[in-house]
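Asker: If you scroll down you'll find the structure; I have some questions about it.
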């Protein structure tokens with residue numbers, strides 16, 4: 001997984017075909033909990049480009065994207081946000097696989113919410 005190095009790189013990467021931004025921090029134990037199986041997930045969903053975003057280095061970007069909890073995942077395809085995985089619960093391999101599988105197959109963005117896209121969100125009330 002590559003690391004985000006600049007806002008310009010973020011803007012360029014999000015315009016690519018399929019990219020996953022993983023928001024994390026060095027001090028976050030839940031962020032490191034998923035490290036052992038992230039390599040397998042990246043291999044399984046190799047059509048995505050995975051990019052790690054250090055929340056502490058890109059705090060303004062996190063605010064702009066409404067990323068307040070970590071780890072969080074946001075998927076973009078051709079500049080359009082395709083989905084996000086946010087949850088107060090510890091991320092599990094099974095749920096991450098399910099999320100990326102759903103993001104891989106979505107073709108239409110029909111959610112009428114504030115971002116005007118479909119959000120496959122895993123939340124405490126909708127697991």
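A short reminder: the numbers here are calculations on the coordinates, not readings from a lab. Small disclaimer: the values here were computed from a predicted structure and weren't measured. Note: ideal-geometry Cβ built from the backbone for every residue, glycine included; neighbour counts use all protein chains shown.
Asker: Spin-label point model (7 Å from Cα, Cβ direction): what's the residue 66 to residue 80 distance in nm?
Answerer: It is 1.8 nm.
Asker: Can you work out the base-10 log of I(q)/I(0) for the range 27-109 at q = 0.12, 0.14, 0.24 1/Å, using the Debye formula on its C-alpha atoms alone?
Answerer: -0.35, -0.49, -1.46
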